[in-house]
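Just below is one structure, and these are the notes that go with it.
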Amino acid sequence: MSESIYPPRRIKSFARCAGRMTPAQKLAVDTVLPGYGWIKNTVMDKPLILDIGFGMGHSLAWQAEQYSQFHFLGAEVFLPGAARLATLLQEKKLSNVHIAYGDVVLLLKEQLALQSLSGVQIFFPDPWPKKRHHKRRLLQTDFLNLLLTHMEPGAFLHFASDWADYCVGVKALLASHSKLSFEKPFGGIEVLERPQTRYENRGVVQGHEIEDIVVWVTS
């Protein structure tokens, strides 16, 4: 995906890292991943859930298997992770997942129709723990407003993290938005169960408290 539309001083919430790929992952990039690519403004016949930063894809593959009544769109900047998810989907014969490799901001601006999402999941994003890097954290005002233009009324936003100060900031941000509620509205989409992730396990080992934060779009 081209990044030329960005203003020169745009602060990104990620540091792109291609990582070292195994021969199997390289093969998956060439032969498997393209089959799960997202086509611009695709209209789905089932509710669509956007999963931002799915890592190696184990959690998303598990959800896709458990919740066949949904379509999932996974956005990830880590190419080995995208390749691994594609391989998992092929092994499990799952057809309700699409993969968008690249910056989710570009995906939202260029590839998704308005109010096309029934849910958004952001599990254990990079916490950018140093205070001077907090401006790089994903869930902030501008990104939230962009995200909401693509979420239908009743859609849920599910955020999970093991960094206490990040969770405090996220809760304050969500509570201040007039289109969001911590109470599920009538007709709101039920939040999906999620398995424990590798990043979550690492946080538990380090003694961090895990927090799940859920809000719904009211209008």
Practice item. Give the residue, chosen from 185, 195, 153, that is over 16 Å from the mean Cα position of the chain (by Cα) and either among the hydrophobic types (A, V, I, L, M, F, W, C) or part of a loop (DSSP other than H, G, I, E, B) (or both). Key: 185
Revision key, fill the gap. Going through (1) buried (at least 20 other Cβ atoms within 10 Å of the Cβ); (2) within 13 Å of the chain's Cα centre (by Cα); (3) of a type outside the set (Lys, Arg) one by one, residue 83 fails only at (2)
Study note, to complete from the structure: Of the conditions (1) outside any loop (DSSP other than H, G, I, E, B); (2) over 12 Å from the mean Cα position of the chain (by Cα), the single one that residue 115 does not satisfy is (1)
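Taking residue 170, is it modelled with pLDDT of 95 or more, among the aliphatic types (A, V, I, L, M), in a helix (DSSP H, G or I) and surrounded by 14 or more Cβ atoms within 10 Å (Cβ to Cβ)? Outline the logic, then answer.
Details: modelled with pLDDT of 95 or more: yes; among the aliphatic types (A, V, I, L, M): yes; in a helix (DSSP H, G or I): yes; surrounded by 14 or more Cβ atoms within 10 Å (Cβ to Cβ): yes.
Considered against the rule, which asks whether it is modelled with pLDDT of 95 or more, among the aliphatic types (A, V, I, L, M), in a helix (DSSP H, G or I) and surrounded by 14 or more Cβ atoms within 10 Å (Cβ to Cβ), residue 170 comes out as yes.
Modelled with pLDDT of 95 or more and closer than 20 Å to residue 150 by Cα, is that true of residue 94? Talk me through it step by step, then tell me what you get.
Details: modelled with pLDDT of 95 or more: yes; closer than 20 Å to residue 150 by Cα: no.
For residue 94, the condition - modelled with pLDDT of 95 or more and closer than 20 Å to residue 150 by Cα - is not met.
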Review point. Just wondering, is there one or more residues in the range 56-76 that are in contact (Cβ under 8 Å) with a residue 60 or more places away in the chain, under 18 Å from residue 103 (Cβ atoms) and out of contact with any Pro (no Cβ under 9 Å at 6 or more places or on another chain)?
Key: no
Practice item. Return yes when residue 73 is in contact with a Leu (Cβ under 7 Å, 6 or more places away or on another chain), outside any strand (DSSP E or B) and buried (at least 19 other Cβ atoms within 10 Å of the Cβ) and no when it is not. Key: no
Revision key, fill the gap. Residue pairs qualifying under the 9 Å Cβ cut-off, at least six apart or on distinct chains, with the first in the range 195-219 being in contact (Cβ under 8 Å) with a residue 60 or more places away in the chain and the second being assigned to a strand (DSSP E or B) and charged (D, E, K, R), are 217/152
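The values are calculated or read from the model by the stated rules, or taken from the named source; none is laboratory data. Note that the structure is predicted; figures quoted are calculated from it, not measured. Every residue, glycine among them, receives a Cβ derived from its backbone with ideal geometry; neighbour counts consider all protein chains shown.
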